[in-house]
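The values are calculated or read from the model by the stated rules, or taken from the named source; none is laboratory data. Bear in mind the structure is a predicted one, so any value in this text is a computation, not a measurement. With ideal geometry, Cβ positions are generated from the backbone for all residues, glycine too; neighbour counts draw on all protein chains shown. We work out accessible area using only protein heavy atoms, side chains counted, and drop any ligands, DNA or RNA first. Shrake-Rupley method; radii C 1.70, N 1.55, O 1.52, S 1.80 Å.
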Amino acid sequence: MDKQGEDGMVVRNNARLVAQGFCQKEGIDYEEAFAPVARLEAIRILLAFAAPKGFKLQQMNVKSVFLNGFIEEEVYVRQPPSFESAKFPDRVYKLRKGLYGLKQAPRAWYARLKSFLLKSGFVMGSMSSEFELSLMGELQFFLGLQIKQGPEGTFVHQAKYTRDILKKFNMGDSKPMTTPMSTNTALDADEDGEAVDQKEFRGMIGSLLYLTATRPDIQFAVCLCARYQASPRTSHRQAVKRIFRYLKFTPELGLWYSSGSSLSLRGFSDADHAGCRIDRKSTSGTCQLLGTSLVSWSSRKQASVALSTTEAEYVAAASCCSQLLWMKATLSDFGLKFGRIPLLVDSTSAISVAKNPVLHSRTKHIDVRLQVEGVDNALIKGEIESQWTSIIALLV
């Protein structure tokens, strides 16, 4: 397996012994396989935090990382082809450490890393005494994200990935479009339309979903098209192709984290009432900023049908509030403390419902979970402050 850089050139050749983990059976070969991974929001928060602080982020790589984890289960693997022992060709290997391909390999590695970090007191630079590391220099290419750090700020984009998926789906020579979706586009199930290749359609959606890591401008359009993966039609594929044509027009668009940004936290939420033409559910749209740096956003269809615009806006605000509280907890690890975090909503009625307990007798149809865990709880604790804002004012 070749390791490629951001320009697509091979920077390192890798050869690994990979176990056939698909043959493992839960409860026999492994018990637990879950291992925590970094959220993309956490990576963007780190980049946005480092820019105004003037930090220059460096990158390190743990060599053969999964081979460092100790496994508790009894696992045997056959000798790899062309590397059998001449003396014992019929014997198998008993594993003491993890191997690439094993279901429990990520969890075993995380357990050892966590144990080592806690034991060492999180002392920077001490990992080299326990694991073999390679210094990769300034952070430039990470999980498909291209990162350019400069004195004025940090630019994060996925230009290489964009060109790759345009080539993969034969859209490299397509006519560019200036918008990802027309304003009057209204997709539905289109049951009378011609069916298209489901595998290709899902591949296109999956590729675009990863691109939303740095492209909030296509978030809504991609999520709207993703609703029809079960039975895609020609109209759905045409909508997806328009997104690709928009990417052809803006291949190097990305996120800019200015070094002059403040480190204040705020959020915005909005919703379209009964926007889905199939089940009449509303769509919540939220975004969260650290100063002037956009670090998190979402466009998600709500779980239940909202009976009013107030309810739709309230549910969207609850979703945004939940994300703000998570970001507040994450940034506290960076040494940042926040007072009341502004949550800007363009519905005075939704704000009134959140602030005034007397009105709650009229909102019993709203999910109880939102009342307890969402906006109300944060308002009572004084963590989130709902404010009214005009969408028109935001756009100008």
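Some notes on this structure:
- Residue within the stretch 60-80 that is closer than 30 Å to Ser259 by Cα, open to solvent by 70 Å² or more (accessible area, probe 1.4 Å) and either modelled with pLDDT of 90 or more or out of contact with any Lys or Arg (no Cβ under 9 Å at 6 or more places or on another chain) (or both) present: yes
- Selection of the stretch 269-296 for residues being in a strand (DSSP E or B) and of a type outside the set (A, V, I, L, M) yields Ser269, Asp270, Asp272, Thr283, Ser284, Gly285, Thr286, Cys287, Gln288, Ser293, Ser296.
- Hey, Ser299 more than 23 Å from Lys53 (Cα to Cα) and not in a strand (DSSP E or B) or not: no
- Candidate set from the stretch 328-337 (those that are touching a helix residue (DSSP H, G or I) at 6+ places or on another chain (Cβ under 9 Å) and open to solvent by 40 Å² or more (accessible area, probe 1.4 Å)); member that is farthest from Ala271 (Cα to Cα): Phe334
- Tyr228 satisfies every condition listed in (1) open to solvent by less than 20 Å² (accessible area, probe 1.4 Å); (2) assigned to a loop (DSSP other than H, G, I, E, B); (3) touching a strand residue (DSSP E or B) at 6+ places or on another chain (Cβ under 7 Å) except (3).
- Note on the stretch 231-266: residues that are closer than 19 Å to Lys175 by Cα, not aliphatic (A, V, I, L, M) and not in a loop (DSSP other than H, G, I, E, B) total 12.
- Test: residue in the stretch 171-193 that is modelled with pLDDT of 95 or more and assigned to a helix (DSSP H, G or I): no
- Being within 30 Å of Gly137 (Cα to Cα), acidic (Asp, Glu) and open to solvent by less than 60 Å² (accessible area, probe 1.4 Å) is true of Glu41.
- Residue within the stretch 191-211 that is open to solvent by less than 30 Å² (accessible area, probe 1.4 Å) and touching a residue at least 60 places away in the same chain (Cβ under 8 Å) present: no
- Residue within the stretch 310-325 that is open to solvent by less than 40 Å² (accessible area, probe 1.4 Å) and of a type in the set (D, E, K, R) present: yes
- Identity of the residue in the stretch 136-158, in contact with a strand residue (DSSP E or B) (Cβ under 6 Å, 6 or more places away or on another chain) and among the aliphatic types (A, V, I, L, M), that ends up modelled with the lowest pLDDT: Met136
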